[in-house]
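Structure record follows, encoded as structure tokens.
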Amino acid sequence: MPHNSCQLDYEAELAVIIGTRGHRIARTAALDHVFGYAVFNDISVRDFQKKSSQWTMGKNFDGTGILGPTLVTAERMCLRGAAGPAITSRLNGQTMQSSNTREMIFGVAEAIALISDVMTLEPGDIIAMGTPAGVGFAQTPPRWLTPGDEITIEISGMARNRYTFRRPAERQRLDRPADWQTGRFGWQKAGVGNRTPIEASRTIW
């Protein structure tokens, strides 16, 4: 958790991991370039995200961008293009995001075709597919992530993961904003097709 902001937010997303190099990939061939899928939590620091017209600063704090911890290879994914699994995030047991990958603005094949028209995709590249409604800043009032919050992230048919957020003592050098304890936060993780869901726990700062 950052020492200089109390606007830590979550974004539950499907991540696509590229397996083979490609440029100007046709949509009909796009899924052949996918190695696998994972859950991605695009943790965002909202006040820093708004400091410029580009969102880069608020999306790249140390310790943000939680991927995995497991990956499902494309051949093990029951639904081609990962189209269909439910995406759910829960904060301290309360459902915050609930949607389906079919509701993504761009499908996986479409996203690969579009991005590869601009740049060459290399093995290991990761595409984050965007988040459904229910993020913290859109709540009334906003629900920011606070120390001790537990986030359960789940994509149906894939692994389940729990994250507990902490603020290490060595990072408590700056005074917290007065409203630090008023917020909340929550979500994401991925896994395995046609198998018993895997569960893992982590402490994230």
Note: among ALA12, ALA38, ALA29, just one is without any contact (Cβ under 8 Å) to a residue 24 or more places away in the chain, among the aliphatic types (A, V, I, L, M) and either under 21 Å from GLU150 (Cβ atoms) or loosely packed, with under 14 Cβ neighbours inside 10 Å (or both), namely ALA29
Counted residues in segment 75-85 being assigned to a helix (DSSP H, G or I) and either modelled with pLDDT under 90 or farther than 13 Å from ALA15 by Cβ (or both) come to 4
The condition from (1) surrounded by fewer than 21 Cβ atoms within 10 Å (Cβ to Cβ); (2) in contact with a helix residue (DSSP H, G or I) (Cβ under 9 Å, 6 or more places away or on another chain); (3) among the hydrophobic types (A, V, I, L, M, F, W, C); (4) within 15 Å of MET129 (Cβ to Cβ) that ILE115 misses is numbered (2)
Among PRO69, PRO123, the single one that is assigned to a loop (DSSP other than H, G, I, E, B), at pLDDT 95 or above and of a type outside the set (Phe, Trp, Tyr) is PRO123
If we ask which residues in segment 15-26 are surrounded by fewer than 17 Cβ atoms within 10 Å (Cβ to Cβ) and among the hydrophobic types (A, V, I, L, M, F, W, C), their number turns out to be 1
inquiry  = Condition first: modelled with pLDDT of 95 or more, loosely packed, with under 14 Cβ neighbours inside 10 Å, more than 16 Å from the chain's Cα centre (by Cα) and not small (Gly, Ala, Ser). Can you find one or more residues in segment 44-66 that meet it?
reply    = no
Within segment 122-162, restricting to residues that are of a type in the set (D, E, K, R) and more than 16 Å from the chain's Cα centre (by Cα), the one that is surrounded by the fewest Cβ atoms within 10 Å (Cβ to Cβ) is GLU122
Within segment 144-182, of all residues that are among the acidic types (Asp, Glu) and either outside any strand (DSSP E or B) or over 27 Å from LEU14 (Cα atoms) (or both), the one modelled with the highest pLDDT is ASP149
When TYR37 is run through (1) hydroxyl-bearing (Ser, Thr, Tyr); (2) more than 27 Å from THR140 (Cβ to Cβ); (3) assigned to a loop (DSSP other than H, G, I, E, B), the failure sits at (3)
Within segment 1-20, restricting to residues that are out of contact with any His (no Cβ under 8 Å at 6 or more places or on another chain) and more than 18 Å from MET129 (Cα to Cα), the one that is modelled with the lowest pLDDT is MET1
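The values are calculated or read from the model by the stated rules, or taken from the named source; none is laboratory data. Predicted model only: the values in this text are computed from it and were never measured. So basically every Cβ, Gly included, is an ideal-geometry build from the backbone, and we count neighbours across all protein chains shown.
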